[in-house]
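First comes the structure, then the notes that go with it.
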Amino acid sequence: MPSIVGGGGWRLFSADRGMTSLRRRQSPLFSSLAGGGGDAPHLPVVIVGAGPVGLVLSFLLTKFGIKCTVIEKSMEFTRHPRAHFINNRTMEIFRKFDGLAGDIEKAQPPVDLWRKFVYCTSLSGSVLGSVDHMKQEDFDKVISPISVAHFSQYKLTRDLVLENKILMGHECSSIQLTDEGILLGASFNNGGTMQERKLHCGLLLAADGAKSTVRELAGISMEGARDLQKLVSVHFLSRNLGKYLSSERPGMLFFIFNPDAIGVLVAHDLEHGEFVLQIPFYPPQQMFDDFSIKVCEQIIVKLVGWEPADVQVLDIKPWVMHAEVAEKYTGCNNRVILVGDAAHRFPPAGGFGMNTGVQDAHNLAWKLGLLLNGVAGPSILQTYESERKPVAISNTKLSVQNFKAAMSVPATLGLDPTVANSVHQVINSSLGSVIPRNLQKTVLEGLFSIGRAQVSDYILNEKNPIGSLRLARLRSILDEGKSLQLQFPAEDLGFRYEKGALVAEDCAETAQQAEKLKHINRSSGEYIPSAKVGSRLPHMLVKTLSSSSEGVLSTMDLVSGDKVQFVLIVAPLKKSYELACAMLKIAEELTLSAKVCVMWPQGSVDAKVRGSRSELAPWTNYVDVEEIPRASDNSWWETCQVSKNKVILVRPDEHIAWIKESDMVRDADSEVRRVFSQILCLNRQQV
Ligand SMILES: Cc1cc2nc3c(=O)[nH]c(=O)nc-3n(C[C@H](O)[C@H](O)[C@H](O)COP(=O)(O)OP(=O)(O)OC[C@H]3O[C@@H](n4cnc5c(N)ncnc54)[C@H](O)[C@@H]3O)c2cc1C
């Protein structure tokens, strides 16, 4: 662990790798480097919160040449693991983080130890069912160049910290809007006395988590459902338990139901015996303080079914499940921007929290890169909200749906959590208040233990007609994929921006097709590749044909991870080459980094390929690639479901910004000007 200097010392690490080729022009709105904040240093960007989202933002902004500072209220990073499932899209983003995805793949436990969810009466008792969540396509990398991962959040944070500059032990406690930005007050402990440091910044990025202070100070409220469930999270180690589960019944999540205890065990790392146990609790009859180390150890033994001698409880924390999205993502005259849990908080079912946050950061970073370098107009910030808020709303709904799917299993076994909630509500209502306070706890626990008797061996067995019926129902829920799932490719890779930094396709037929596609994606749960505007660029393997060949790569690698660059994918057709030349010319005028990719069909001969040079001259920022379709697969254009006379403009975040039939364009220059003007939110004078 790097050392942390008390009283808010700076931790400096190599953060200046991969500066962009963008010209360092400051946009007028954010150009001021002094004033307004008295003696406070003026920084272009301050990020509040060094969780995964703040760290990803800082990493990307630094790569894009934007100076930013991260402040973190804690003096050291928590080891209490929360997120552990990294979805496909986030892993695609991490592939471009200087080898981070590769490090995660190497450091995570072997996939056979986490591919299943197990439902059982105890970790050594009957297995009621299990579901394997990995398919052969995941290993064959059909829809993505990388697969999902299982890696604890604290380990990810540790890896990201090495790339960032962080002011530790500084808590943002006040913000004030000035003429040039935000004056923020950060309190810190200076040798036992609390002091305040003032920082002045052009933009304040709130990555300070679900209870975001910045969001509150900016007066932004949350919309949705609160307090869905209260839980205690117990972080513990037991190598004995890890060894036992690795050999007997490996899995990522264990849903355990028995008459003595109920809980969900998350196996963060079976090889090292690292676990987190989630236990629901019902205040005020059950309080967090009731969960002492001793009580937690007893619950662990009840759930394991034997007593592992080496259980070491490291930490116990309460947390509350919400399903909420911020009413707006920006505040204080667009000087404050919410990202990650500060903007949305979901039930963890399906693992969307951190993943959505990392993808928020990925969406925002390139826009800030262009804005702060004077290439894009200020209203590009609005496109962050118009693109990301609908994704958060959709992921909130999906997480709630997943939470209900997870609850369908205990309900089938006769342990309906809604009944537990109703019992709890009745006890807390005026009806229940006639029961003396000290008896309420006994009544609640008595009722819960009657409920838990439903999962006793006496009831839950094949010989008991009720038990047998419940077990049959459970099997069909698991077999039909109606229990909690791990992967959501239709949403994870198939989400699409409809409004934002893009040029929406204007014909009604296309909009209808898009709607149909969305519907097919949702109902099948599958990801269907598409080149619709706003979609993530489909993945296909291609081979570079230039002499400086990088060999075989994914289409997603055509987009640089080190700079803010647009890519136009074209087929080798006269009209498409013309549009490509226009794009390179206008991009240069706008000081925008851009590249052309000429997509050749498999088996194209060398002489033909060399034609790109004369068609695109004098431009050299292009690459010729050859498709490598999978055995039974379609060509690139068929995969994208478009004809090959289309050109596809891809944004720096690998989402499609514009698609056009090249032979429908009369004046290539003015068409490209119009397109960039819309994407970069420029007014006419600037184009
Ligand atoms: C049990 C559980 C399991 C989960 N599993 C998954 C999963 O598998 N996959 C997934 O994607 N998500 C999962 N999540 C959600 C995930 O943990 C969060 O979405 C993620 O931590 C959000 O990251 P963040 O950086 O936005 O916020 P945080 O991780 O909360 O980081 C915020 C940081 O800001 C700091 N801070 C707060 N206030 C201030 C202030 N005023 N000044 C300075 N610093 C401040 C905090 O100390 C903290 O370091 C899970 C959550 C839980 C509870």
Away from the ligand (no atom under 16 Å from the Cβ), under 17 Å from residue 449 (Cα atoms) and touching a strand residue (DSSP E or B) at 6+ places or on another chain (Cβ under 8 Å) - does that describe any residue in segment 303-312? yes
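Residues checked against (1) part of a strand (DSSP E or B); (2) at pLDDT 95 or above; (3) within 12 Å of the ligand (Cβ to nearest atom); (4) basic (Lys, Arg):
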{"residue": "180", "(1), (2), (3), (4)": "no, no, no, no"}
{"residue": "186", "(1), (2), (3), (4)": "yes, yes, yes, no"}
{"residue": "208", "(1), (2), (3), (4)": "no, yes, yes, no"}
{"residue": "241", "(1), (2), (3), (4)": "no, yes, no, no"}
State which residue is nearest to residue 489 (Cα to Cα) when the search covers only segment 374-407 and only residues that are open to solvent by 30 Å² or more (accessible area, probe 1.4 Å) and in contact with a helix residue (DSSP H, G or I) (Cβ under 8 Å, 6 or more places away or on another chain). 394
Does residue 265 satisfy the condition of being surrounded by fewer than 23 Cβ atoms within 10 Å (Cβ to Cβ) and in a strand (DSSP E or B)? no
Against the definition (of a type in the set (A, V, I, L, M, F, W, C) and within 16 Å of the ligand (Cβ to nearest atom)), how does residue 265 come out, yes or no? yes
Looking only at residues in segment 268-284 that are open to solvent by less than 20 Å² (accessible area, probe 1.4 Å) and under 15 Å from residue 80 (Cα atoms), which one is farthest from the ligand (Cβ to nearest atom)? 273
For the structure I just gave you, tell me whether residue 243 is in contact (Cβ under 8 Å) with a residue 24 or more places away in the chain, over 23 Å from residue 52 (Cα atoms) and touching a strand residue (DSSP E or B) at 6+ places or on another chain (Cβ under 6 Å). no
Just the residues that are touching a residue at least 60 places away in the same chain (Cβ under 8 Å) and among the aromatic types (Phe, Trp, Tyr), please, taken from segment 133-174. 151, 154
Note on segment 536-581: residues under 25 Å from the mean Cα position of the chain (by Cα), of a type in the set (S, T, N, Q) and open to solvent by 10 Å² or more (accessible area, probe 1.4 Å) are 560, 565
Residues of segment 41-82 classified as open to solvent by less than 20 Å² (accessible area, probe 1.4 Å) and not hydroxyl-bearing (Ser, Thr, Tyr), total: 24
Taking residue 324 as the residue in question, decide whether it is in contact (Cβ under 8 Å) with a residue 12 or more places away in the chain, among the acidic types (Asp, Glu), within 16 Å of the ligand (Cβ to nearest atom) and closer than 26 Å to residue 422 by Cα. yes
Within segment 314-344, the residues that are open to solvent by 20 Å² or more (accessible area, probe 1.4 Å) and in contact with a helix residue (DSSP H, G or I) (Cβ under 7 Å, 6 or more places away or on another chain) are 316, 318, 328, 334, 341
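The values are calculated or read from the model by the stated rules, or taken from the named source; none is laboratory data. As the structure is a prediction and not an experimental result, all values here were calculated from the model. Backbone-built Cβ (ideal geometry, glycine too); neighbour counts: all protein chains shown. For the accessible areas, the whole protein counts, side chains as well, though only heavy atoms, and no ligand, DNA or RNA atoms are used. Shrake-Rupley method; radii C 1.70, N 1.55, O 1.52, S 1.80 Å.
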